[in-house]
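Asker: Structure provided below as structure tokens; questions to follow.
What follows draws every value from the coordinates through simple rules; no lab data is involved. Small disclaimer: the values here were computed from a predicted structure and weren't measured. Using ideal geometry, Cβ is built from the backbone for each residue, glycine included, and neighbour counts are taken over all protein chains shown.
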Amino acid sequence: MRESEVGAVTEDAHPIVKEFIREQLPMIVGVFALAIMAGFLQNGSLPGADRAFPVAGVCVPIWHLVWVGIWTGYTMGLVGEASGIFSLPYSMSILQFTGVAVSPTSLITTFLNPFGALLGYRREKQWNLDFALWLCVGALVGSPIGPFIRVYWFHDAEPFKMVIGCALLAMAIHLWIQITPWYLARTVRQRLFKEKFDRMKEEGRKAGRVPAGLPEDFRIITLRKSLKSVTISYWGEEQTFSVPLMFGIGLFVGVVASAMGVGGGFMLVPIMATIYGVPMYVLVAATIPFVIVLSITGLISYVITVPMLTGVSASPDWAFGLFIASGAILGAWVASKTQKFIPERYLKPMLGSITGLIGILYIVNYFCQLPFKV
Amino acid sequence: MKGRIEKIRSVGFKLIPLLPFVVLFLALLVAIYHIKVYW
């Protein structure tokens, strides 16, 4: 009797362990193995603490790169974004990787980072390609342009850090605003969705069920689609999106994000949340494919188009990026599993304060040199 | 046995909200370590 009871209890936890072993672990190990191969191919031996990474030109232990991936993937995953906007400034300021190659290297991470979460979101039916399509088409057109801006106008570290500083400051403001009553009132759909979700969680808890994700019947369904608009439905809500506006947003974010070497989630999430008030649980259906498309097209532009048309080499440090990516996949997956249990009230202001402080330091340092390195 | 596992699980769920703060603190420590050793 007691054994069967134990079996019943472990059965509850089993799907997550099974999911990790079947889906995440092969991906993490595969990317890590690719990083080792890339290190040998690019350098002739494995770079790390004693041997500098060939393109980055810095010595850093491999465990540190994996850790950077884990913590940036995790913390950014909690606020629904890819790790790039944290791992990029960390790579520049702490790891001292300041060349142009830091941007395409970061794009390797932002390309692979969302795959861990993607499988989980797809299983939970947080998935609709009609909703994501026009944002992705915009990214497809915009992201090959960004790398040219980076190579021509922001190839020096200081002005580039200033641009990153502005992005971090904007992100900090958005994180802080998200907990204000004004924003909560503005994003009614988000609030209603959260209240509904919390009610369901509470009912489940009272019924003695283990806290889980979205309900079984959750779906993001396309109701209508044309070249003018797309209408989707989720959990009793209906929402229409303008196709030209979605394309324009994708294009704009594509240009800016690929120039910086980040996934663009830090811009797309606030824009979509402010214009349309889409709940985060639904927005991921668009942001995850968007970040993947933006990152790969931006990366191709850095590796092929830019050198071909300008003669400037902007190849990434593959091993450096892949080691971070292997950790970021794990971090993003853990974030997707724990996100619903983290109180946003404390997390968002804290992350907002950190990003805001770094952003201000970068901007100030551009106009007047600080007495310490940033 | 079941009760004990349930207890561990409920404590575990209570600790999840602390995870981001622990992760960020560790990130800070590792960054300081890197600056001291490699700069």
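Asker: Counting pairwise Cα distances across chain A, what percent come out greater than 25 angstrom? Intermediate results must be reported in sequence, preceding the final value.
Answerer: Working: 38582 of 69751 pairs.
Summing the P(r) tail past 25 Å for chain A gives 55 percent.
Asker: Now a separate question. Let me know the charge dipole size of the stretch A:61-207 about its Cα centre in debye, to the nearest 20, where only the beta-carbon of Lys, Arg (+1) and Asp, Glu (-1) is charged. Let's see the in-between values first.
Answerer: Values: 14 positive and 9 negative charges, 128 e Å.
For the stretch A:61-207, the charge dipole is close to 620 debye.
Asker: Something else now. Please give the charge dipole size of chain A, origin at the Cα centre, charges +1 on K and R Cβ atoms and -1 on D and E Cβ atoms. Round to the nearest 20 debye. Walk me through the numbers on the way to the answer.
Answerer: On the way: 28 positive and 22 negative charges, 126 e Å.
The dipole magnitude comes to about 600 debye.
Asker: Work from the charge dipole of chain A (Cβ charges, +1 for Lys and Arg, -1 for Asp and Glu, about the Cα centre) and give the residue of A:PHE20, A:TYR121, A:TYR183 farthest towards its positive end.
Answerer: Among A:PHE20, A:TYR121, A:TYR183, the one farthest towards the positive end of the dipole of chain A is A:TYR183.
Asker: How do the peptides A:320-329, A:67-76 rank, highest first, by the average count of neighbouring beta carbon atoms within 10 Å per residue? All intermediate terms of the calculation are to be shown ahead of the outcome.
Answerer: Values: A:320-329: 31.1, A:67-76: 26.5.
Ranked by mean Cβ neighbours within 10 Å, highest first: A:320-329, A:67-76.
Asker: In the structure shown, do any of A:LYS196/A:LYS337; A:LYS18/A:LYS125; A:LYS196/A:LYS225; A:LYS340/B:LYS7; A:LYS340/B:LYS14; A:LYS348/B:LYS7 have a Cα-Cα gap over 22 Å, and if so which? Provide the component values of the computation, followed by the final result.
Answerer: On the way: A:LYS196/A:LYS337 19 Å; A:LYS18/A:LYS125 19 Å; A:LYS196/A:LYS225 27 Å; A:LYS340/B:LYS7 20 Å; A:LYS340/B:LYS14 12 Å; A:LYS348/B:LYS7 29 Å.
With Cα atoms farther than 22 Å apart: A:LYS196/A:LYS225; A:LYS348/B:LYS7.
Asker: A further question follows. What distance in nm separates the two pseudo spin-label positions at A:LYS340 and A:MET37, each 7 Å out from Cα along the beta-carbon direction?
Answerer: According to this spin-label approximation, the distance is 3.7 nm.
Asker: Do any trypsin sites (Lys or Arg not before Pro) in the stretch A:12-90 lie in a DSSP loop with no more than 10 other beta carbon atoms within 10 Å, and if so, which?
Answerer: Numbers: sites: A:LYS18, A:ARG22, A:ARG51; in loops: A:ARG51.
Loop-located and lightly packed - none at all.
Asker: Of A:PHE131, B:ILE35, A:MET350, which is farthest on the positive side of the dipole of the protein assembly as shown, counting Cα position, with +1 on Lys and Arg Cβ, -1 on Asp and Glu Cβ, and the Cα centre as origin?
Answerer: Projecting each Cα onto the dipole axis, the largest value belongs to A:MET350.
Asker: In the stretch A:276-374, what trypsin sites (Lys or Arg not before Pro) fall in a loop by DSSP, with at most 15 other Cβ atoms inside 10 Å? Let's see the in-between values first.
Answerer: On the way: sites: A:LYS337, A:LYS340, A:ARG345, A:LYS373; in loops: A:LYS373.
Hits after loop and neighbour filter: A:LYS373.
Asker: Within a Cβ distance under 15 Å of A:GLU158, other residues only, what is the Lys/Arg minus Asp/Glu net charge? All intermediate terms of the calculation are to be shown ahead of the outcome.
Answerer: Values: positive: A:ARG150, A:LYS161, A:LYS373; negative: A:ASP156.
The answer is +2.
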